[in-house]
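Let me begin by presenting the structure, written as structure tokens, before commenting on it.
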Amino acid sequence: MDQASKKGLPLHVMMLIGFSVGLIGGLLVNSFVGSETGWVLWITTNITGPIGQIFLRLLFMLVLPLLFSALVIGVAEMGDLKVLGRAGIKSLLFTVFVSAIAVVIGMVMVNLFRPGAGVDPLVAQQLLEQGKAGAANIVENSKSAEAGGNFFIELIPTNVFRAAADNDILPVMVFAMLFGIGVVMVRSSATDHLLKSIEGLFEVMMKLIGLVIKLAPYAIACLMFNLSALFGWDLLMRLAAFVGVAVGAMAIHMFVVYPLLVWTMGGMNPLKFFSSIREAVVVSFSTASSNASLPVSMRVAEEQLGLPRKIARFVLTVGATANQNGTALFEGVTVLFLAQFFGVDLSLSQQFVVMLICILGGVGTAGVPGGSLPVVAMILGIVGVPPEGIGLILGVDRLLDMCRTTLNVTGDLVVATVVSRGEEDSPDEDTPAPVAA
Ligand code: ASP
């Protein structure tokens, strides 16, 4: 998703330029002209607004099939009990457990430090109203999320197509998970074909998202212009606080939670663990892609950590797509931050829904640079925050992407270490690893 354009600058540099151009333009307008001036209004209504909207709608258009296919593939691979039996179940449970810890750390930190709070409520409300028009039917659905006791019942769609059409995303994700489990349980030649087709769907969606993301630099410039013309310098302060909280939460997960897990559940000295995985850390940080880091993390697992080859291959290959603690944490932090920014009060039960979506989001996010952006845009719509807010974070996303990918890849190595404990290597039985989506 982040290929350097053949002759021009790499995409993330273009995104940073778009971000800066939009930001500076908007700040100048905010400081000297005011966002309500005639020609500024004309530009925001007829040019920057529509361009930003087109980009967001393209992301929305792709997110459902992308999530569905990624989840089915992720679960089908992770739960492939015939391949690894006990290790498969252990990986699945452990992935959900550690992702939940990550999301909770992130969400607690945002609630504690409130990096997005304190924006002028009138200005925020103005944007919220505009955003609501665009995401009206999605927002409608967030109301049903509050219906406390019925929450678990409503997780199960009576009609999955209606749920999908209503953008009722959690029931669709539940369906996709069950679908994946079903595929694992049947495993005939027909279901193998079906799975192959779903892999095809995933690849097509990835390709299209890769194309859409090329528009990002222009869309970011437009979205940032609109936001900074409206919010002024306040925006920069909040953004810095957001980055601080996100990086802080990721650091806690990386340097407190992982070492504890490696030590207590993996039976390995955390210092040995971290010094062995240095190479994978450097590669994941610099590529911002779990998939691109896979060959290195496999080598590290086998040669430096000395994990059984069969388990390391399985856990790491599947984990590159399906075990993304950093991504889950980031999605939670971002959604809550933007909710604070736009003055959207999320009740505890709504935050619980966000948490669940983020845990599943970690499974359903592709292991490529910027893979979580469509998922974040979608969750924003669900909880009634203007998806335009994504423009705010896109400019600083590369740095956060590098950090969360490091967390994702380290997390895969943690799972591999824990799952390997007590398992023997069997060099002769060289099970082919599932192919990373
Ligand atoms: N870049 C991340 C990864 O590859 C995915 C994301 O959160 O955007 O692991």
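Read-outs: derived from the displayed coordinates by stated rules, not from any lab. Nothing here was measured: the structure is a model prediction, and the numbers come from that model. Note that each Cβ is placed from the backbone with ideal geometry, even for glycine, and that neighbours are counted across all protein chains shown.
Values as computed for the structure displayed
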{"item": "FRET efficiency for Leu236 and Lys272, using Cβ-Cβ distance with R0 set to 41 Å, rounded to 0.05", "result": "0.45"}
{"item": "Equivalent ellipsoid dimensions for the stretch 284-323 as semi-axes, Å, which come from the Cα gyration tensor, largest first", "result": "17, 12, 6"}
{"item": "log₁₀ of I(q)/I(0) at q = 0.07, 0.10, 0.13 Å⁻¹ - the chain, Debye sum with one point per alpha carbon", "result": "-0.33, -0.67, -1.13"}
{"item": "Contact order relative to length of the stretch 281-330, as percent, for alpha carbon pairs under 8 angstrom and 6 or more apart", "result": "32"}
{"item": "GNM top mover of Ala246, Ala366, Ala76 - the chain, alpha-carbon springs below 10 Å", "result": "Ala76"}
{"item": "Average Cα contact separation per residue, the chain, under 8 Å, 6 or more apart, as relative contact order %", "result": "32"}
{"item": "In order through the stretch 45-57: 3J(HN,Hα) via Karplus (6.51 cos²θ - 1.76 cosθ + 1.60), integer Hz, x for Gly, Pro", "result": "7, 9, 10, 5, x, x, 5, x, 5, 4, 4, 5, 5"}
{"item": "Rg(Cα) / (2.2 N^0.38 Å) computed for the stretch 246-367, rounded to two decimals", "result": "1.19"}
{"item": "The chain - charge dipole about Cα centre, Lys and Arg +1 at Cβ, Asp and Glu -1, debye rounded to 20", "result": "420"}
{"item": "Peptides ranked, highest mean first, by Cβ atoms within 10 Å: ranges 103-116, 267-280", "result": "103-116, 267-280"}
{"item": "Residues Ile252, Ile73, Ile198, sorted so that the one with the fewest Cβ neighbours within 10 Å comes first", "result": "Ile252, Ile198, Ile73"}
{"item": "Listed residue (Leu28, Gly332, Leu356) projecting farthest to the positive dipole end of the chain, Cβ model", "result": "Leu28"}
{"item": "Dmax and Rg, reported as Rg then Dmax, of the stretch 366-422 (C-alpha, Å)", "result": "15.0, 49"}
{"item": "Fewest-first ranking of Met185, Met265, using other Cβ atoms within 10 Å as the exposure measure", "result": "Met185, Met265"}
{"item": "In Hz, Karplus ³J(HN,Hα) per residue of the stretch 355-370 (6.51, -1.76, 1.60; θ = phi - 60°; x = Gly, Pro)", "result": "4, 4, 4, 5, 4, 5, x, x, 6, x, 8, 6, x, 10, x, x"}
{"item": "Protection proxy ranking, peptides 348-361, 306-319, average beta carbon neighbours within 10 Å, highest first", "result": "306-319, 348-361"}
{"item": "Burial ordering of Leu260, Leu16, fewest other beta-carbon atoms within 10 Å first", "result": "Leu260, Leu16"}
